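Accompanying notes for the structure given below.
The values are calculated or read from the model by the stated rules, or taken from the named source; none is laboratory data. What you are looking at is a predicted structure, and each value in this text was computed from that prediction instead of being measured. As a convention, Cβ positions derive from the backbone with ideal geometry for all residues, glycine included, and neighbour counts pool all protein chains shown.
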Amino acid sequence: IGGANALQVVSVLDADAGIELSGVTITGGSADAPHPQDGGAGIYVEVPSVDLTLRDCNIVGNRSGTTADDGVNGDGAGIFFDSANGSLDLNGCVVAGNGLLKFDNAVDGAGMEVYNAELTMTDCLFDGNFIQGSAGSGSSSGFAFAIFGTDVESCALTDVVIQNHNAAGSLSGSTSTIRAQRLASLSFVRCRFQGNSQNNGVADSLILTAAISSRQTTDCLFAGNEAPRLWNVQSFSPHEAQSLTFLNTTVARNNSTYFLYRLSTLANGIVSFGNCYVDEPLDPNLTSSFTIFRSHSVVTGFPADGNGNLDFPTTNPLFIDPRSPAEAPTTAGNYRLLPTSPLLDAGSNAATTSPLDLDENLRVQDGDGNGTGTIDIGAFEVIAADGSIEITAIAYDENTGQVTLTVESAAAITYTVEYNTIVAAGPWNTGPTGTLSAGTNTIPVPQNTYNGPQPRTYFRVVTP
């Protein structure tokens, strides 16, 4: 649906039932009039108790607001959703290239802004949404998305990629890629945060969370981002006591001063790390007021101890292709583990809550071949139980539909590519076969050999 600079391409102002949009592209909206037509250039919803589902939709290239001193604020360029007691569910969607334009005012949610509603996202991509305008003291929050609740709502992201959001320009107020405030809970499962830059001032952050009782990340990757603080933690009533839990999460090679930063003196609570690798320090003000629990983790500033924790910086994780923090913002790099990594089989099986790693491979593999399956530290599990082969990269050609697998093999060995389009655990179908040589191999998987393209396809390489 091309908006041709319409104020709002899709607008919902009255509804008494659930709404679903499936398989559509919404683009070209330009919400540059006074409120309420200064937000939601792609999709605008302001109806109580409505449930909106977006399935396999593309929300791209929409603009809200102006850079003139005209009182037009501009919020939620791609999607603006305000629905008390309602819900927004995105499944298989792309939210990309949407922009907020501002003068000297605070704006939120270039990709999406949500008020007073439950938010669920699965298999989504947020890419290159932006905020630009003249210098001013107003904050520019939520380049990807912003959500504001009433202390009872939850926000849950699963298999979501958030990348390439850049705050470069004349913005002088604080900025963030994600902003979430006044929620009962916030969770990220198998999410990737890469190539984002929020570096216009010391208060900028990748994630800004305030007044949220429970935050949890599981099987997530934070790499190649640039921000003074990756995660700003703020607290106020009724959420003074709060918890942050990180499970099998990798935080590596970001250009930042702190991973976690205490933004207000009220903030207190518990931070827990289980099976994590974190190569950036925590704010001393946070560590002095929060209780820090670590289990089978590597966390900057903390030594090895008797709880399975390893020392930083003496522990080299041996990632396949780590990048320098100076390269940030970048999505390049490979933070899977080499077969000789000390993080291999060094985690605690009791700490995991997800059966799959960030690549959606099954967790708890026998990576070191000692006969006992033990989870790895970090977001990725080494799959080859005997250490003989490992898939290190997957590339997709949009023109031909061909998938190319990059495989490391310890020796020459025959293989079969198997695939399925249901769940990572199977059932599996047979694809191309051949022989791997010792070293790096590329395996082409043409579109007609895996019934592609599909919304999601899993691949594995099986050896005798």
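Restricting VAL95, VAL12 to residues that are at pLDDT 90 or above and either in contact with a Leu (Cβ under 8 Å, 6 or more places away or on another chain) or not assigned by TED's automatic domain parsing to the domain that holds ASN196 (or both) narrows the list to VAL95.
On the stretch given as segment 33-43, residues that are at pLDDT below 90 and either of a type outside the set (Gly, Ala, Ser) or not assigned by TED's automatic domain parsing to the domain that holds CYS124 (or both) total 5.
Residue-wise test of (1) surrounded by 17 or more Cβ atoms within 10 Å (Cβ to Cβ); (2) within 17 Å of GLN163 (Cα to Cα); (3) hydrophobic (A, V, I, L, M, F, W, C).
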position	(1), (2), (3)
GLY23	no, no, no
GLY28	yes, no, no
CYS57	yes, no, yes
PHE81	yes, no, yes
GLY99	yes, yes, no
MET112	yes, yes, yes
ASN129	yes, yes, no
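In the set (1) among the small types (Gly, Ala, Ser); (2) outside any helix (DSSP H, G or I); (3) touching a residue at least 12 places away in the same chain (Cβ under 8 Å), the condition left unmet by ALA326 is number (2). If a residue has to be buried (at least 17 other Cβ atoms within 10 Å of the Cβ), more than 12 Å from GLN194 (Cα to Cα) and of a type in the set (A, V, I, L, M, F, W, C) to count, how many in segment 324-337 make the cut? Qualifying residue count, segment 324-337: 1. Residues that are part of a loop (DSSP other than H, G, I, E, B) and over 23 Å from PHE193 (Cα atoms) do not occur anywhere in segment 277-289. For segment 333-345, a tally of residues being in contact with a strand residue (DSSP E or B) (Cβ under 8 Å, 6 or more places away or on another chain) and part of a loop (DSSP other than H, G, I, E, B) returns 6. In segment 202-228, how many residues are touching a Phe, Trp or Tyr at 6+ places or on another chain (Cβ under 8 Å), within 26 Å of ASP357 (Cβ to Cβ) and crowded, with 22+ Cβ neighbours inside 10 Å? Of the residues in that region, 10 qualify.
Filtering SER256, SER289, SER297 for residues that are crowded, with 24+ Cβ neighbours inside 10 Å, hydroxyl-bearing (Ser, Thr, Tyr), more than 25 Å from GLY149 (Cα to Cα) and modelled with pLDDT under 95 leaves a single hit, SER256.
Residue check: is GLY269 out of contact with any strand residue (DSSP E or B) (no Cβ under 6 Å at 6 or more places or on another chain), over 19 Å from PHE380 (Cα atoms) and either without any contact (Cβ under 8 Å) to a residue 60 or more places away in the chain or not in a strand (DSSP E or B) (or both)? Here the answer is no, as GLY269 does not meet what is asked. Going by what's in this entry, would GLY142 be described as under 26 Å from GLY333 (Cα atoms), small (Gly, Ala, Ser) and modelled with pLDDT under 90? The answer is yes for GLY142.
Among the strands (runs of 3 or more DSSP E) confined to segment 346-464, the ones with at least 2 residues that are among the aliphatic types (A, V, I, L, M) and at pLDDT 80 or above are located at 389-396, 403-409, 439-445, 458-462. Scan segment 115-161 for residues that are more than 20 Å from PHE193 (Cα to Cα), in contact with a Phe, Trp or Tyr (Cβ under 8 Å, 6 or more places away or on another chain) and not small (Gly, Ala, Ser) and the total you get is 3.
Considering (1) acidic (Asp, Glu); (2) outside the structural domain of ASN199 (by TED's automatic domain parsing); (3) modelled with pLDDT of 90 or more, the lone condition that GLU280 does not fulfil carries the number (2).
Among all positions in segment 25-32, there is at least one residue which is assigned to a loop (DSSP other than H, G, I, E, B), over 14 Å from MET112 (Cα atoms), modelled with pLDDT of 75 or more and not small (Gly, Ala, Ser). The lone criterion from (1) in a loop (DSSP other than H, G, I, E, B); (2) at pLDDT 85 or above; (3) of a type in the set (A, V, I, L, M) left unmet by ILE162 is number (1). Entry remark, segment 240-253: residues being modelled with pLDDT under 95 and among the charged types (D, E, K, R) number 1 in total. Looking at THR67, THR53, which one is touching a Phe, Trp or Tyr at 6+ places or on another chain (Cβ under 8 Å), surrounded by fewer than 18 Cβ atoms within 10 Å (Cβ to Cβ), of a type in the set (S, T, N, Q) and assigned by TED's automatic domain parsing to the domain that holds ASN129? Just one listed residue meets the conditions, THR67.
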